[in-house]
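Here is the structure we will look at.
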Amino acid sequence: SIAINPDLWEVHFNLGGSYWEQGLLHDALAAYLRAFELNPHSTQLMLYMGTVYGELAEFEKAYLYLNKALEMEPENAQAHLALGFIENSQGRIIDSLKHYKRAYLAEGGHAIAHSNYLFAMHYDPSVTPQEIHAESKAWAARYADAIPHRTHANDADPTRKLRIGYVSADLW
């Protein structure tokens, strides 16, 4: 596709996504940068570039592109989630909490952002155990309680003989 039309930004964008899925972050970034040259107005492209820069620990560039994405779409949950992750990885817990909360509220229920928010709460000394407990219950009510409970065909008698199996490549 690039040989046919090298100026089609979407092709470079998709190529970047393919590289990213394979863990080839530098190649992904090169494709995204080419796409950005052709179309500097795509929020999704800025989001992906910022996220890849974050994964490469190039935080200044990550902030630049993620904040540009938020300028265009202030309630973009993915951008807030990525910024929350970057802030958290740098020990900026309070800032990460703000982004995680905006991410899970922006889409009306982003389970990963809400889970990250709950986890990061444990590292903010101003958060009380009661607040963590309340947020844990809110997370469960929003996500876990909706999961149907499964029944199992095994004998539920608590006095039955328990059989344990070990599975490990180390046992040969």
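The numbers here are math on the coordinates, done by the rules we state, and not lab data. What you see is a predicted model, and the numbers here were worked out from it, not measured in a lab. Quick reminder, even Gly has a Cβ in these numbers, built from the backbone with ideal geometry, and neighbours come from all protein chains shown.
Between the helical axis of 9-21 and the dominant principal axis of the chain, each derived from Cα atoms, what acute angle in degrees is found, rounded to the nearest 10? The angle comes out near 40 degrees.
Only the Cβ atoms of Lys and Arg (+1) and of Asp and Glu (-1) were treated as charged; on that basis the dipole of the chain about its Cα centre amounts to roughly 620 debye. Here the relative contact order of segment 40-79, from alpha carbon pairs under 8 Å that lie six or more residues apart, stands at 40 percent.
Summary of packing: across the peptides 150-157, 1-8, 67-74, the per-residue average of other C-beta atoms within 10 Å ranks them, highest first, as 67-74, 1-8, 150-157.
Among 100, 167, 63, which residue has its Cα furthest toward the positive end of the charge dipole of segment 31-172, with +1 on Lys/Arg Cβ and -1 on Asp/Glu Cβ? Highest projection toward the positive end goes to 167. Cross-link partners of residue 68 among aspartates and glutamates, defined as those whose alpha carbon lies under 14 angstrom from its own and excluding same-chain residues fewer than eight positions apart: 60.
Per residue, the Cα convex hull of segment 1-65 amounts to 67 Å³.
Compute the angle between helix 93-106 and the longest alpha-carbon principal axis of the chain, please, reported from 0 to 90 degrees and rounded to the nearest 10. Taking Cα atoms only, the helix is inclined about 90 degrees. Couplings 3J(HN,Hα) of segment 54-63, computed from phi: x, 5, 8, 6, 9, 5, 4, 5, 4, 4 Hz, in residue order, whole Hz [Karplus 6.51 cos²θ - 1.76 cosθ + 1.60, θ = phi - 60°; x for Gly and Pro]. Once the mean of 1/r is taken over each pair of separate Cα atoms and inverted, the chain shows a Kirkwood hydrodynamic radius of 19.0 Å. Stretching residue 115 away from residue 59 to a fully extended chain increases their span by 17.9 nm, per 0.36 nm per residue minus the current alpha-carbon distance.
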